[in-house]
1. Of 371/399; 53/186; 186/404; 260/351, which ones are farther than 22 Å apart at the Cα?
2. How fast does segment 339-431 diffuse by Stokes-Einstein, in µm²/s, taking the Kirkwood radius from C-alpha pairs at 25 °C and 0.890 mPa s?
3. In whole angstrom, and with the biggest value first, how far do the Cα coordinates of segment 120-277 range along each principal axis?
4. Note down the net charge around residue 143, summing +1 for each Lys or Arg and -1 for each Asp or Glu among other residues with Cβ under 14 Å from its Cβ.
5. Along Cα→Cβ, 7 Å out, is where each label goes; now give me the distance between the ones at residue 189 and residue 271 in nm to one decimal.
6. Provide the gained length on full extension for the span residue 360 to residue 430, in nm with one decimal, where the gain is 0.36 nm per separating residue minus the Cα-Cα distance.
7. Before anything else, pin down the relative contact order of segment 11-168: Cα pairs under 8 Å, at least 6 apart, normalised by residue count, whole percent.
8. Holding the Cα-Cα limit at 22 Å, pick out from 358/431; 322/358; 331/383 the pairs that are longer than that.
Amino acid sequence: PDTHTTAPNTHTTAPNTHTTAYSLAPSSNMIFVQIASYRDPELLPTIQDALSKAKYPADLRFGVCWQHGPEETAMNVFSGNPQFRVDDVPWRQSQGLGWARSRLQKMWEGEEFTLQLDSHHRFIQDWDALLMQDCEATCSAKPIITTYAGTYDPSGEKAPATEPYCMVADRFTSHGTIMFLPQVIKGWQDMNRPLRSRFVSGHFYFTLGQHCEDYRYDPQLYFAGDEISLAIRSYTSGYDLFHPHRLRVWHEYTRAGRVKHWDDHLTQNELVAWHERDVISKRRLRKLLKEEENDEDISGHDLGTVRSHHDYELYAGINFSKRTLHADAVKGIAPPCTYMDGASWDSSFLKEQTVDLKWNDSDIGSCTDLKFVYFAIECADGKVLHRFDADAESPEAKKQTNHKTVRFLSSASPARFILWPVSHSKGWLDKVIQAL
């Protein structure tokens, strides 16, 4: 396997986009590249880089939902190019992420593979061949290769990421969706094949082209919830989820210099306000996840029939009805979760803990060269459940406040509060322990 990556070329020169220098004869390994783009100046550089870095550029077929204004003409250079299927959409007509991606899926023409991207990416050399090799290495009949891609800076001022990420669950939101975070894959240098994943990234997944039929995007899915929907619906349709063990693509996360759909689609612009679509979208998602029963009709965009909703819960470590996450899902431990019956299984799920902390000025003392104050919450067996350090200039250390409410996830109950000042000259001072 490849053991290193090269920096993405952020100033690539496009191959000739008017005339094709290679044969476009049909291949058994053709890739349908799906890109939903909303007023994005990175769209053209993304396509150029994909073509220039591909080992088999003739086997790429691009579907682009090009949502843009009249002043934006980037995709015109591909007019008449048989490698491109362009859905030309004035930005005012756009209805959100799910709507755009559902239109893209209808452009699939039987290509063996499909790659879904956003419109701000860079690619490793021979990315197409490497992703096909990744699929083969999984030994799965229906693999999905996916992750939060490494970071890159379009300006080239910051170095791109060099380590591959996995996706970990962070928390449930009040609307029932799950927030995810990237985490460096531990020990990736010693791996020779993709590893199991719980989740699917909306900005990067590679799988069989048949997925365009098996997973039909809900056009009413506005934005939030896209990734958990992808994960559970794909898994229940028989797809196996994997993270690549090496960087394959890079993604630009900041959205700097790009107009977002929700910036444009406001009531004062005489358009359907984005938040009105979002309310319906989240209701549909909660019904899909079986978090609530409501009157939304999600026919055609429901779960698959190969595996069940509960199969996914056990695999991923999620209890949707209680909106809780298994400790393994938050720590990034490779799935599936170890199944345990009854109380042992329930106790492995993290619950949101809220603790009100109070202390006296005398607990911090009168140290003249205070470095920081260590605050921690422990469970009964002494394990630290939550920690924060207040530096010498913080309100806590300067005795401007002696109260703080902290919230964190834990499967264990808080039992005691530790306050421990640290001096530059004397190190750790007297520890204060309070029962909770």
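The values are calculated or read from the model by the stated rules, or taken from the named source; none is laboratory data. Worth saying up front: this structure is predicted, and the values here are computed from it rather than measured. All Cβ positions, even for glycine, are placed from backbone atoms using ideal geometry, and neighbour counts span all protein chains on display. Keep in mind that these areas ignore ligands, DNA and RNA; they rest on the heavy atoms of the full protein, side chains included. Shrake-Rupley method; radii C 1.70, N 1.55, O 1.52, S 1.80 Å.
1. Working: 371/399 14 Å; 53/186 27 Å; 186/404 34 Å; 260/351 33 Å.
Beyond 22 Å between Cα atoms: 53/186; 186/404; 260/351.
2. On the way: Rh = 14.6 Å.
Rounded to a whole number, D works out at 168 µm²/s.
3. Ordered largest first, segment 120-277 gives principal extents of 54, 42, 29 Å.
4. -1
5. If labels sit at residue 189 and residue 271, their model points lie 4.7 nm apart.
6. Working: separation 70, 0.36 × 70 = 25.20 nm, distance 1.36 nm.
Gain in length upon complete extension: 23.8 nm.
7. Numbers: 236 pairs, mean separation 44.0, N = 158.
Once normalised by length, the contact order is 28 percent.
8. On the way: 358/431 15 Å; 322/358 30 Å; 331/383 16 Å.
Where the Cα-Cα span goes over 22 Å, the pairs concerned are 322/358.
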